[in-house]
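> Have a look at this one before I ask anything.
The values are calculated or read from the model by the stated rules, or taken from the named source; none is laboratory data. Only a predicted model underlies this, so the values are computations on that prediction, with no experimental measurement involved. Counting neighbours? That spans all protein chains shown, and the Cβs are built from the backbone with ideal geometry, glycine included. These area figures cover heavy atoms from the full protein model, side chains too; ligands, DNA and RNA do not enter into them. Shrake-Rupley method; radii C 1.70, N 1.55, O 1.52, S 1.80 Å.
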Amino acid sequence: GRLRQLALPESTDRGIGAYRWSPDGRRLLIDRYPQDAEDRWIYIATAEDGSLEEIWHDYRATRTTQMWNSIWQSDGEGIVFISDKDGHHHLYELRLGDDDAKQITSGEWSVVGESGSAFLAASPSTEQLYFVATRTSLYERHVYRIDERGGRVESITALAGIHHPFVSPDGSKLALLHSNDITPTE
């Protein structure tokens, strides 16, 4: 009911890559990085008192990009985030209270967008994740889905090119913007 400013650490050198309210609206997920991209922090802020807890930190001196994203799982008891921890950008699950994240996608491909942060969405009604990846080809971006806790990756799109998905609020429909080398976005 009232406006509150969060006291985030190192506010002059860190950008915010993603932020999302939990399904119950009581906590805020904040994904941060410095300009050199060597570090990444994920915090949970509590709406009631503004307290801040660091739940994930990753450092790699060789990292040069911040193509990350993070979201809440449907039950609000964990998050899913994109990390390049294994050399490719993949999905990881971190249950609140756990010390380490579990990798839920793997392979010689990456979860990425056309440019900038990768698309990542959860469907609360189906408890599935939707993401865009280079699984088919490094030159294409297709839409896939997987259970929030891991499992088999299912391809949603097959038409060659780049796909930008929009998941309906209930998760039952997917709208797409599609383009390729000779066709503008439609």
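> Within segment 43-142, considering only strands (runs of 3 or more DSSP E) that don't extend past its boundaries, which have at least 1 residues that are farther than 20 Å from Ser155 by Cα and free of Cβ contacts under 8 Å to residues at least 12 places away in the same chain?
Here the list reads 52-59.
> I want to confirm something. Restricting to segment 1-28 and keeping residues that are farther than 20 Å from Ile71 by Cβ and among the aliphatic types (A, V, I, L, M), which single residue is most open to solvent (accessible area, probe 1.4 Å)?
Restricting to residues being farther than 20 Å from Ile71 by Cβ and among the aliphatic types (A, V, I, L, M), the top hit is Leu3.
> Right, Asp39: in contact with a strand residue (DSSP E or B) (Cβ under 9 Å, 6 or more places away or on another chain), open to solvent by 40 Å² or more (accessible area, probe 1.4 Å), on the phi < 0 side of the Ramachandran plot and of a type outside the set (A, V, I, L, M, F, W, C) or not?
no
> If Glu108 satisfies every condition in (1) open to solvent by 10 Å² or more (accessible area, probe 1.4 Å); (2) in contact with a strand residue (DSSP E or B) (Cβ under 6 Å, 6 or more places away or on another chain) but one, which is the exception?
Result: Glu108 fails condition (2) only.
> Any residue at all in segment 162-172 that is in contact with a strand residue (DSSP E or B) (Cβ under 8 Å, 6 or more places away or on another chain), small (Gly, Ala, Ser), assigned to a loop (DSSP other than H, G, I, E, B) and closer than 17 Å to Gln103 by Cβ?
Looking through segment 162-172, none of the residues is in contact with a strand residue (DSSP E or B) (Cβ under 8 Å, 6 or more places away or on another chain), small (Gly, Ala, Ser), assigned to a loop (DSSP other than H, G, I, E, B) and closer than 17 Å to Gln103 by Cβ.
> Here's something else I'd like to know. Counting only residues that are touching a Gly at 6+ places or on another chain (Cβ under 9 Å), of a type in the set (D, E, K, R) and within 15 Å of Trp72 (Cα to Cα), how many does segment 6-57 have?
4
> Somewhere in segment 85-95, is a residue over 22 Å from Gln66 (Cβ atoms), open to solvent by less than 60 Å² (accessible area, probe 1.4 Å) and modelled with pLDDT of 95 or more?
Yes, segment 85-95 contains at least one residue that is over 22 Å from Gln66 (Cβ atoms), open to solvent by less than 60 Å² (accessible area, probe 1.4 Å) and modelled with pLDDT of 95 or more.
> While we're here: Looking only at residues in segment 147-165 that are in contact with a Lys or Arg (Cβ under 9 Å, 6 or more places away or on another chain) and more than 15 Å from Val111 (Cα to Cα), which one is least open to solvent (accessible area, probe 1.4 Å)?
Gly161
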